[in-house]
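For reference, the structure is listed below as structure tokens.
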Amino acid sequence: MDGAADVVVTDGFTGNAVLKSIEGTALNLMALLKQSILDSGTKGKLGALLLKDALRKVKNEMDYAKHGGAVLFGLKAPVIKTHGATGPEAVAYTIKQIHTMLATDVVAQLVAHFEEMPTAKDETQS
């Protein structure tokens, strides 16, 4: 990844449903890939051995525990919703995520950004 973050704005129900779908698809894809490698014989296993570092990187990139949680804005302080099956590693990353948000004053920056944006009413009067 290039370090850029994707932003999705949605209501809670839809957002959670989409995240669960993506997560389930990713977990199933990784399980299918692993089973295919195990079933492919010596040639497939050798290929997997050559790709081991790259596959591990993909697995780590897709690990929800390493990304903290989903940030909820519209509140006066950062709120992060973590995964329902959160373990110690995810909690640690979530705390780090909150620390970064507080250190960079994300909420105030967002408020300032949206206050500067023209409203639909402003645009129709121009």
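Inspect all residues belonging to segment 32-47 and state whether any of them is touching a residue at least 24 places away in the same chain (Cβ under 8 Å) and not basic (Lys, Arg).
no
Name the residues in segment 26-79 that are surrounded by 12 or more Cβ atoms within 10 Å (Cβ to Cβ), part of a loop (DSSP other than H, G, I, E, B) and either of a type in the set (Val, Ile, Thr) or on the phi > 0 side of the Ramachandran plot (or both), would you?
Gly68
We did not get these values from a lab; they are worked out from the coordinates using the rules stated. If you're wondering where the values come from, they're calculated on a predicted model, not measured in any experiment. When we count neighbours, we look across all protein chains shown, and the Cβ atoms used for this are built from the backbone with ideal geometry, even at glycine.
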